[in-house]
Structure formats: structure tokens, C-alpha cells
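Student: The structure that follows is given in the form of C-alpha cells.
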Amino acid sequence: MTHPTYTSEFPELGFYGLPGHTRTPADVLQQVRDAEELGIGNVMLSERTDYKEIAAICGACAAVTDNIYIGTSGTNLNTRHPVVTASMGSTLNSLSAGRFALGLAKGVNLRWKAWGVKTPTFAREAEFVDLMRKLWRGETVVGHDGALGKFGALSLAPYVSEDIPILYVGFGPKSLRHAGTIYDGAHLHTFMSDQALGNAVQQFREGEAAAGKTVGKGKLWSVLATACDVPEEKYLKFIIARLATYLQIPGYGDMLVAVNDWDPDILQTFRTHKAVTSVGGAIDSIASTQQIAEVAKLIPEHWRPAAAGNAKTCAQRWVDQFTAGADGIIIHASTPEEFAPVLAEYKKIRPNHLFTDRTNRPG
């Protein structure tokens, strides 16, 4: 199916809808309308198993917008049958008239053990991505027998024809090299230093080269927490609580520390300190402001790479992401209403030459 080409004033900018936890998912409706009015090219949506089921949220966004691309950032490749995920993608792409992007993440092994589902591997990931593309071309896959499993026959319908970008959501070096071989781009991670961001871009490019793809064709998105002129309470919520929650997660927090070349001993002290253990769960979900303030004392300043301060300072940090090698920025933590002053300053220093003929398509 042929869909229009979409271009906004700032196709290189996206934002996270419903950043972090939410109990009021309808908030995203105003957020995407505001973003579209500001000229933002993409909204990316994470998935949580409380009030953020990804297909429902994406469908709601499609219903109230006309131009902005709508992407998962991400959903998991092992929590739905391949045909169900493919059908989700084809439906959302048709519903939005060609504005859907599928972002896939591997998730955390502890969760998959608890849920009793298979842990993603590189082989399963590659097969899954390949199946999505075949099913969106209207193909029928018969007798599939591989790492993903055995399937007698997989299909949507012969008349299905959807061109949907697929992006990797993650930040591990090996995962990014592998992602470069099969994906159309990648969403990286909040709280990566400029050096770590540059390394991640290079790792994806190495994967492109290894697969014989055009190096540089995939779009790499920096995810940058932005806190413009916020009071201390919001800074604690936007920056500290979010970072602290990542650091809490075994394996996940360790990888974030490793890619940034931070001191793992500080991470160990953080995890065992009473200020963290006494919270009794995910810090960004249940900790009080006072508890987050105590947690903040355990996180060094250089562990907080973000756009924080006045609008000019934050705008410069946005530009820094392109200098470090990113093709786009996903603005995290702040809503469009909150980051609008940064956008006004960014417009003054935007490296326009980088975005000639750029469309909203994120991959």
C-alpha cells in the first residue's frame, strides 16, 4: 500500500510520550497534538504492563494526529506470536496512513524467566525481523523451523503490503553490532555520555558494513533526558529517579555503567545502600521525593549526562548529540509543553545542513 511522505519542521526530533510510569494514559493524546503543532517529527512510546499497552497507545496517537510518526520504543520480540506482532504493525500503519515504526527490544532475562517465555537471542531476533518483513509483503511462510521455533504456516493476507521501518532499542556493544546487520536504525539509551553515544553509533555502523549494507543509512537516535528550568522536585523525578531505576536492574544497570566507563564499585555501593534498598521497588514508580533526594547523594554528577539547566544550555546539549554522531534525538522526561522553550533556542542554533531532504520516517 502506498502512503504519503511526511515531513515536519524538525524531522530529526522525537519525544517519549508518557515518559516513565503513568496511571493516566490519556495524557498522551494532548502530548502528541502539542508535539505535532511544534513541528516534532516522531513520538516514541515505551511499553509497561500496567497502563501502557503499546498497540492501544499507538492507536490512540494515530487517531488524533496527521503528520507525526508513531513508534514503539520499544516492545519485545518474544511476548507476542510473530503473526500477532505483524498484524499489530500492519494495522497501525494502515490506521495512521503510513506513520508507524516498530521498535524492538530484547528486555531483561529475569522477567522472561518469571513469565515463562523464551529469552531472545541474536538468532531469534534475526528470524523475527525477517518474518515481519515477509508478512508485511503479503508472503506466506510455510514450514519455518529455526531458532524462533517451528511454524507450519505463517501469513497475514496476500493483499497486505506495508513498508514499516524496524528499529532496535538497546545499547550493548555486541547487540548494536548485530542490530546494524538487520535493522533500519536504533534507539539508544538515556544517560549515555557523548563518548558512549559515539561508540554506540560506530558499533551499529560496523554491523552495517559487516552485512554489506550502505554504511550510514540506518538512523541512530540519541535518547536525551531534558529538564529545562525545572524545580528541584522535578529534577529529582526527571533525572535521578529515572537513572536510579535503571541502575537498580541487575545486568541492565551494569551494562549502562560499562558503556559509560563508570566505576562499578560505585554501582555496588548504590545498590546496597539503605537509601535504595529501603524503597522496596522501582524508584521511579514508588519512591517519595525525600527518598529520591537521598538516592541522589549516591549518584555522581558525571553519571547524569542529560540536558538540564536553562533553555539555551539544554538546546546546546541537543546539538551536542549530533556532534557525537546521532542522526536524531528522542527527548525524554519532558513533555512538549515543558521542552517548548528549548525548541525555540534550538531553532536558532540548529545544524540545518544535516537535515536537508529529511523526512519524519525514523529508519
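Student: Would you mention how many residues in segment 106-118 are of a type outside the set (D, E, K, R) and either assigned by TED's automatic domain parsing to the domain that holds residue 255 or assigned to a loop (DSSP other than H, G, I, E, B) (or both)?
Tutor: Counting residues in segment 106-118 that are of a type outside the set (D, E, K, R) and either assigned by TED's automatic domain parsing to the domain that holds residue 255 or assigned to a loop (DSSP other than H, G, I, E, B) (or both) gives 4.
Student: Let me ask you something else. Evaluate segment 46-66: report whether one residue or more is of a type in the set (Val, Ile, Thr), out of contact with any His (no Cβ under 7 Å at 6 or more places or on another chain), surrounded by fewer than 21 Cβ atoms within 10 Å (Cβ to Cβ) and within 21 Å of residue 150 (Cα to Cα).
Tutor: no
Student: Would you mind stating whether residue 296 is within 20 Å of the chain's Cα centre (by Cα), modelled with pLDDT of 95 or more and not charged (D, E, K, R)?
Tutor: No.
Student: Pick out the one residue from 308, 315, 326 that is touching a helix residue (DSSP H, G or I) at 6+ places or on another chain (Cβ under 8 Å), of a type in the set (A, V, I, L, M, F, W, C), assigned to a helix (DSSP H, G or I) and modelled with pLDDT of 95 or more.
Tutor: So the residue among 308, 315, 326 that is touching a helix residue (DSSP H, G or I) at 6+ places or on another chain (Cβ under 8 Å), of a type in the set (A, V, I, L, M, F, W, C), assigned to a helix (DSSP H, G or I) and modelled with pLDDT of 95 or more is 315.
Student: Same structure, new question: Looking at segment 194-208, which of the residues that are touching a residue at least 40 places away in the same chain (Cβ under 8 Å) and in contact with a strand residue (DSSP E or B) (Cβ under 6 Å, 6 or more places away or on another chain) is nearest to residue 225 (Cα to Cα)?
Tutor: Of everything passing the filter in segment 194-208, 197 is nearest to residue 225 (Cα to Cα).
Student: Quick check on my filter: what residues within segment 32-56 are part of a helix (DSSP H, G or I), closer than 25 Å to residue 220 by Cα and out of contact with any helix residue (DSSP H, G or I) (no Cβ under 6 Å at 6 or more places or on another chain)?
Tutor: Answer for segment 32-56, where residues must be part of a helix (DSSP H, G or I), closer than 25 Å to residue 220 by Cα and out of contact with any helix residue (DSSP H, G or I) (no Cβ under 6 Å at 6 or more places or on another chain): 33, 36, 37, 54.
Student: Does residue 340 satisfy the criteria of being assigned by TED's automatic domain parsing to the domain that holds residue 31 and closer than 29 Å to residue 261 by Cβ?
Tutor: no
Student: Follow-up question, since we're still on this one. Of all residues in segment 276-292, which are under 17 Å from residue 239 (Cα atoms) and surrounded by fewer than 19 Cβ atoms within 10 Å (Cβ to Cβ)?
Tutor: Of everything in segment 276-292, those that are under 17 Å from residue 239 (Cα atoms) and surrounded by fewer than 19 Cβ atoms within 10 Å (Cβ to Cβ) turn out to be 282, 285, 286, 288, 289, 290.
Student: Has segment 146-169 got any residue that is under 27 Å from residue 315 (Cβ atoms) and within 15 Å of the chain's Cα centre (by Cα)?
Tutor: yes
Student: Of all residues in segment 69-87 being among the hydrophobic types (A, V, I, L, M, F, W, C) and over 18 Å from the mean Cα position of the chain (by Cα), which is surrounded by the most Cβ atoms within 10 Å (Cβ to Cβ)?
Tutor: Across segment 69-87, the extreme among qualifying residues is 86.
Student: Considering every residue within segment 299-319, establish whether at least one is of a type in the set (S, T, N, Q) and under 23 Å from residue 184 (Cα atoms).
Tutor: The answer is no; no qualifying residue exists.
The values are calculated or read from the model by the stated rules, or taken from the named source; none is laboratory data. Computed from a predicted model, the values in this text were never measured in an experiment. We place every Cβ from the backbone using ideal geometry, glycine too, and count neighbours over all the protein chains shown.
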